[in-house]
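S.K.: Sharing a structure below in structure tokens format, with a few things to ask.
The values are calculated or read from the model by the stated rules, or taken from the named source; none is laboratory data. On a predicted model such as this, the values are computed, not experimentally measured, just so you know. All Cβ positions, even for glycine, are placed from backbone atoms using ideal geometry, and neighbour counts span all protein chains on display.
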Amino acid sequence: MCGIVAVSAHRNVVDIIVHGLQTLEYRGYDSAGIAIISGNEIAIRKQAGKLSQLKQELIEHPVSGHVGIGHTRWATHGEPTSANAHPHDSNNAIAVVHNGIIENYRPLRDKLVAAGYVFKSETDTETLVHLIHYYQAQGKDFSAASHQAIGELEGAYAVAITCMSDPDRIIAARKGSPLVVGLGDNENYVASDVQALINETDQFYYLEEGDVVEITQHSCEIYDHAGQPVERPLKTVNLSSDALSKDGFAHYMLKEIHEQPTAVANTIAGRLYNDQVCKYFIDEPIADILKKVKNIHIIACGTSYHAGLVARYWLEAITQIPTQVEIASEYRYRKPVVPDDTLFLTISQSGETADSLAALRFAKTAGYLSTFAVCNVANSSLDRETDVCFLTHAGPEIGVASTKALTTQLTVLALLTLKLAEIKGVDPAVRTNLAKQLRTLPGIINQSLMLNDQIEVIARQIVRRDHALFLGRGVHYPIALEGALKLKEISYIHAEGYPAGELKHGPLALVDENMPVIAVCPNDELLEKLESNIEEVRARGGELYAFVDHKSKHGLANRVNHLIELEASGSFTSPIVFNVPLQLLSYHVAVLRGTDVDQPRNLAKSVTVE
């Protein structure tokens, strides 16, 4: 959500900033703008809408300069208008861009209004830029005024600031919202994500909570939350700009769906050998922690929460470890009971999800045995702050609707389940069978992608509907939840996922000839019961679509409107496999409806504020 790019350089920075903002479009936004120190003014150009609107503004009113800040905004305080778009300035002396929410902006604003400041927007951000100007007016220099103003902020934020009185310097800070510093050749940068700067540098500092950084063309100074100079480790990021392209696909989402066989193979590589979990995945110190585990609490949001729900079925059925799964935004505001020897496990694609990070920070004080995480982004806040982080190897995921991130999360959770099964002394023959299923998973996923044309036919039927119901049982119930989430995210069709056994407890009232019902039908011990639930839908005239394991002896061929058969590998990995055609279904429905597949309305890729 939102994106920041700031540059101090020996050359015109406008194109660097605009290109950087373009790479951050996937995060979600509804306005964009830049502020460039140009001669004797701060030249601000900003527009509501997509980045193309800002580009047109820059063609009609060009600007150039060696120092500037840019922003893509996802509206929180104030509607997505040009007036509310960032950057915001104070008397054309200071300009600010800001991600996050300043929670105490009202009393600060009242103080500034009383001091004579006039606000031009509805945003909380404008409070900060006037506050810095206020302290400069009292005789403080740009650095001192900025540090003092930032120190008064409450909430979550990442900010970048530029100033006419110190025109080569950019000051930036982070608290609860990610920010990185890039080092170049006679130029330095700040951005929300390394992806924004990967064309310019591969050398990065990852700012920590409370850090403030000051960059010029030739210098970079970092201060901790107490205002003391501090050194942060310099990281080399090996990320090709090709990884951020669509590579010939119509949308990032479709590309990422098709990348899943490779992503799973990369996630397994070096972690599974000879149908056993390698010591490189779980070393002895981590294994010693796992030997003590008596309970597991899994905390996550959105799609990652669904991954956690699948893992609960695996962990309890295979290892007999009691497992709870909770939504992070609920968990962080209640008072959970933490039994002895309980492992805390959080899951996040970005590693910057605000609620998941808050839950982790609480967990570190709540008496858990240890904190583990599953994450796709190395050096993210989650990676740095948890005791143990298992990185997935999905590669950059640009589409807002998560696909390969979920698949690789489930792959890592399956590996973790296998290791716990080994530690708990589960029958070696059982473990070997599970490991073989995981080893063959990339090829099985690749086969499921070949169902694309059949799924597109189904999509043409569902596209005419306003509602949809997804059904699953057991470990496939979370997959029904995920299928419904994907459809509503990108096609804007109202969709719900339900455990099929709950039909008679309410949802059946919705079923008629206009209600498509999508059933996930694996070859497991619950198949007969699921068939009975399907009969309940059929008796009410529901429009039935069944995804079925081709090896199962089902009786659905003549009882559903459309039947899609797939190779589901085995009962352990079948939730992962069944999820893939549901991703394709949502994708094709969205394309047919003409929605913005990669950047659905009102949504952001990384939810870094509450």
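S.K.: Within the bounds of segment 168-179, is there any residue that is on the phi < 0 side of the Ramachandran plot, β-branched (Val, Ile, Thr), not in a loop (DSSP other than H, G, I, E, B) and not assigned by TED's automatic domain parsing to the domain that holds Glu397?
M.R.: At the first step, the residues of segment 168-179 found to be on the phi < 0 side of the Ramachandran plot are 168-175, 177-179.
Still in the list and also β-branched (Val, Ile, Thr): 170-171.
Next, only the ones that are not in a loop (DSSP other than H, G, I, E, B) stay: 170-171.
Now narrow it down to the ones that are not assigned by TED's automatic domain parsing to the domain that holds Glu397: 170-171.
Looking for residues that are on the phi < 0 side of the Ramachandran plot, β-branched (Val, Ile, Thr), not in a loop (DSSP other than H, G, I, E, B) and not assigned by TED's automatic domain parsing to the domain that holds Glu397, one finds at least one in segment 168-179, hence yes.
S.K.: Under 6 Å by Cβ, and 6 or more places apart or on different chains, what pairs join a residue from segment 487-506 that is more than 19 Å from Pro522 (Cα to Cα) with one that is assigned to a strand (DSSP E or B) and not hydrophobic (A, V, I, L, M, F, W, C)?
M.R.: His494/His467
S.K.: Further question on the same structure: Here is a list: Ala95, Ala43. Which entry is among the small types (Gly, Ala, Ser) and free of Cβ contacts under 8 Å to residues at least 40 places away in the same chain?
M.R.: Checking each option against the conditions leaves just Ala43.
S.K.: Is segment 411-421 home to any residue that is under 21 Å from the mean Cα position of the chain (by Cα), β-branched (Val, Ile, Thr), surrounded by 20 or more Cβ atoms within 10 Å (Cβ to Cβ) and assigned to a helix (DSSP H, G or I)?
M.R.: Yes: segment 411-421 contains one or more residues that are under 21 Å from the mean Cα position of the chain (by Cα), β-branched (Val, Ile, Thr), surrounded by 20 or more Cβ atoms within 10 Å (Cβ to Cβ) and assigned to a helix (DSSP H, G or I).
S.K.: Find all pairs meeting these conditions: Cβ atoms under 7 angstrom apart; at least six residues apart or on different chains; first residue within segment 590-610 and more than 26 Å from Ser329 (Cα to Cα); second residue outside any loop (DSSP other than H, G, I, E, B) and modelled with pLDDT under 75.
M.R.: Close Cβ pairs satisfying both conditions: none exist.
S.K.: If you check every pair at least six apart or on different chains, which have Cβ atoms under 6 Å apart with a residue in segment 117-143 that is under 10 Å from Ile94 (Cβ atoms) first and a residue that is hydroxyl-bearing (Ser, Thr, Tyr) and in a helix (DSSP H, G or I) second?
M.R.: That search, which allows pairs on different chains as well, returns Ile132/Ser146.
S.K.: Follow-up question, since we're still on this one. Taking the condition closer than 19 Å to Ser177 by Cβ and free of Cβ contacts under 8 Å to residues at least 60 places away in the same chain, does His71 pass?
M.R.: No, not satisfied.
S.K.: Another question, if that's okay. Can you tell me which residue within segment 205-232, out of those that are free of Cβ contacts under 8 Å to residues at least 60 places away in the same chain and hydroxyl-bearing (Ser, Thr, Tyr), is nearest to Ala191 (Cα to Cα)?
M.R.: Tyr205
S.K.: Restricting the search to segment 223-266, which residues are assigned to a helix (DSSP H, G or I), modelled with pLDDT of 90 or more and among the acidic types (Asp, Glu)?
M.R.: Residue satisfying the conditions is Glu256 alone.
S.K.: Considering only segment 443-473, how many residues are surrounded by fewer than 21 Cβ atoms within 10 Å (Cβ to Cβ) and closer than 23 Å to Thr411 by Cβ?
M.R.: So the answer is 7.
S.K.: Which helices (runs of 4 or more DSSP H) does segment 90-156 wholly contain that include 3 or more residues that are under 25 Å from Val7 (Cα atoms) and in the same structural domain as Asp224 (by TED's automatic domain parsing)?
M.R.: Answer list for segment 90-156: 125-137, 142-151.
S.K.: Let me ask something additional. Would you check which residues across segment 83-142 are of a type in the set (D, E, K, R) and under 36 Å from the mean Cα position of the chain (by Cα) and list them? Walk me through how you get there before you give the answer.
M.R.: Initially, segment 83-142 is screened for residues of a type in the set (D, E, K, R), giving 89, 103, 106, 109-111, 120, 122, 124, 126, 140-141.
Passing the criteria: Asp89, Glu103, Arg106, Arg109, Asp110, Lys120, Glu122, Asp124, Glu126.
Yes or no, residue by residue, for (1) within 30 Å of Pro107 (Cβ to Cβ); (2) crowded, with 24+ Cβ neighbours inside 10 Å; (3) not aliphatic (A, V, I, L, M):
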{"position": "Ser143", "(1), (2), (3)": "yes, no, yes"}
{"position": "Gly155", "(1), (2), (3)": "yes, no, yes"}
{"position": "Ala160", "(1), (2), (3)": "yes, yes, no"}
{"position": "Met164", "(1), (2), (3)": "yes, no, no"}
{"position": "Arg174", "(1), (2), (3)": "yes, yes, yes"}
{"position": "Glu187", "(1), (2), (3)": "no, no, yes"}
{"position": "Ser192", "(1), (2), (3)": "yes, yes, yes"}
{"position": "Gln195", "(1), (2), (3)": "no, no, yes"}
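S.K.: To continue, here is another question. I'm told Gln195 meets every condition in (1) closer than 25 Å to Leu357 by Cβ; (2) part of a loop (DSSP other than H, G, I, E, B); (3) among the polar types (S, T, N, Q) except one. Can you identify the failing condition by its number?
M.R.: (2)
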